[in-house]
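The values are calculated or read from the model by the stated rules, or taken from the named source; none is laboratory data. These numbers were taken from a predicted model, which means no experiment stands behind them. Methodologically, a virtual Cβ is constructed for each residue, glycine included, from the backbone with ideal geometry; neighbour enumeration extends over all protein chains shown.
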């Protein structure tokens, strides 16, 4: 039996900060155009980095942090290791909104991607409200109901997306497919800043629910008798996560795997307490997505591979490797 | 100090069309060990959940420490009583120390300072509980590697850490071997005497009810059949409640014992 070090929190969080800083340095210095970031503060290279590369790297950090942390929180809340931020139906709603925007040529209305953003956000919010309405009507704020409703909404939206793709022209269809792979091309500082008001509340709130999620690992009755209001916790986590995830999907498409895999890698490495798991997911998720996006930018340079493809390609095998070598992620056997 | 722990009037609860509790009226004094007994499906767990504030949706009224249950928030309730559920699935990965330590969460403010590692004073509290329950040797074992009985003891230790003044325990000795059960009842009596605890327990262990408890609430098909001194209640109503013949005896050195013999189905 392995005994956890009392210094584990310090070690994990320090490791997360170092990992994130390393990813930032790598993301800012590696790219299709060979430039050294320390060449000078006001030369062309620095300006290039500041305007083209930096917003994208910071966006990747925000997206990674949001997705990984949301995944960790939802897995804890629903006590199900297979849940990811995309299981709750919001991302499919956002995708549907985006695909409608692309189909009717609305993506260019407010500039490059910004016309698509409000449509996708609205789609995500709509599916969240639908989920809330269903749960409220059945008076069951339980994991199973929420999970099944979310998955059903996802399937419905996917069917709608396929239908719209079928009616689209080749050019529109290509744009949709590319968008659905999850991509961060053509990112500006404005777009990165636009995301902040949507994801910051979630990043702050989820850092505060660690205790409640810990109590929930002992079962619903123990959590309730320890003062956790389960319906309130569920509604608030869903609300913050939905808003944040809808915005990330609206901006960059659904980026697969980050929200599922980062929390699990941490769990396999012995991070059990949600008090530590949530902030650690935030740090490692941010670093992981910067790293994946850097690979996406350079692997087929000058072509850019959608980052969602890379996260799955790196994440999948690495996850399987850990699974086989470090034991089980079945965190919910009794 | 409030003398009555709980007072309930015309308490009823149904799940859909199925009545679980039918019009119960009674009270539980403070500072006593009180058992809730009855055949399976008589409504014991439902009653315990209602009384400990975990089950809403009942009709009638419950007063906890002379205040209507509706006025007790989940947070405030958590600092006044602890509750051990009958059967809970615990996620894997926690050590026993982690599980016990979670008993402190409801009674500590969740400031960032003691967020990740427990303060020295808290550690002493945890160690005291582990020593009291004889579980110190398990503290660094992984919870999910324990046997059923050992798991129950760890979960009991968590409840004890949360609050030992008022405890609600749902079949604490399920999965215990006879030795474990006996030591548990003795420990519970010891805690009760030392801290003047109010302890409400759902159990099928009739012998323990006779020897360790001051009062029993006997349930029969969702109704309160009898309440009062365990020996009297079980002698007068036990046969009907459980559908068996009962013989209760007393031995100066062994205490009360109970013999059962099967009846033919009525």
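Taken across the range B:70-93, residues that are touching a residue at least 24 places away in the same chain (Cβ under 8 Å) and over 27 Å from residue B:129 (Cβ atoms) do not occur at all. Might you check whether a residue that is under 20 Å from the mean Cα position of the chain (by Cα), part of a helix (DSSP H, G or I), over 16 Å from residue A:235 (Cα atoms) and at pLDDT 85 or above occurs anywhere in the range A:128-145? Within the range A:128-145, none of the residues are under 20 Å from the mean Cα position of the chain (by Cα), part of a helix (DSSP H, G or I), over 16 Å from residue A:235 (Cα atoms) and at pLDDT 85 or above.
Would a scan of the range B:156-171 turn up a residue that is more than 9 Å from chain A (Cβ to nearest Cβ) and over 30 Å from residue B:2 (Cα atoms)?
Within the range B:156-171 (the criterion being more than 9 Å from chain A (Cβ to nearest Cβ) and over 30 Å from residue B:2 (Cα atoms)), the answer is no, since none of the residues qualifies.
Identify the single condition in (1) closer than 16 Å to residue A:226 by Cβ; (2) away from every other protein chain (no Cβ under 13 Å) that residue B:177 does not satisfy, given that it satisfies every other one. Answer for residue B:177: the failing condition is (1).
Every test in (1) modelled with pLDDT of 95 or more; (2) surrounded by fewer than 21 Cβ atoms within 10 Å (Cβ to Cβ) is passed by residue B:167 save one, and that test is (2). When residues in the range B:187-196 are screened for being closer than 24 Å to residue B:87 by Cβ and surrounded by fewer than 23 Cβ atoms within 10 Å (Cβ to Cβ), 2 of them pass.
Would you call residue A:323 more than 26 Å from residue A:135 (Cβ to Cβ), away from chain B (no Cβ under 14 Å), assigned to a helix (DSSP H, G or I) and without any contact (Cβ under 8 Å) to a residue 40 or more places away in the chain? No; evaluated as a whole, the condition is false for this residue. Check whether at least one residue in the range B:21-28 is part of a loop (DSSP other than H, G, I, E, B) and either in contact (Cβ under 8 Å) with a residue 24 or more places away in the chain or within 13 Å of chain A (Cβ to nearest Cβ) (or both), and report yes or no. No: zero hits. Of the residues screened, residue B:45 is one that is within 14 Å of chain A (Cβ to nearest Cβ) and in contact with a strand residue (DSSP E or B) (Cβ under 8 Å, 6 or more places away or on another chain).
Report whether or not residue A:202 is in a helix (DSSP H, G or I), out of contact with any helix residue (DSSP H, G or I) (no Cβ under 6 Å at 6 or more places or on another chain) and more than 14 Å from every other protein chain (Cβ to nearest Cβ). Taking the combined requirement at face value, the residue does not satisfy it. Evaluate the range B:113-130: report whether one residue or more is surrounded by 16 or more Cβ atoms within 10 Å (Cβ to Cβ), within 9 Å of chain A (Cβ to nearest Cβ) and under 16 Å from the mean Cα position of the chain (by Cα). Looking through the range B:113-130, none of the residues is surrounded by 16 or more Cβ atoms within 10 Å (Cβ to Cβ), within 9 Å of chain A (Cβ to nearest Cβ) and under 16 Å from the mean Cα position of the chain (by Cα). Of the helices (runs of 4 or more DSSP H) entirely within the range B:37-148, those holding at least 1 residues that are modelled with pLDDT of 95 or more occupy B:44-51. Consider the range A:302-324 and keep the residues that are surrounded by 18 or more Cβ atoms within 10 Å (Cβ to Cβ) and in contact with a helix residue (DSSP H, G or I) (Cβ under 7 Å, 6 or more places away or on another chain). The one that is nearest to residue A:265 (Cα to Cα) is A:319. Could you grab me the full set of residues in the range A:222-251 that are within 14 Å of another protein chain (Cβ to nearest Cβ), crowded, with 20+ Cβ neighbours inside 10 Å and in a helix (DSSP H, G or I)? A:222, A:223, A:224, A:225, listed by residue number.
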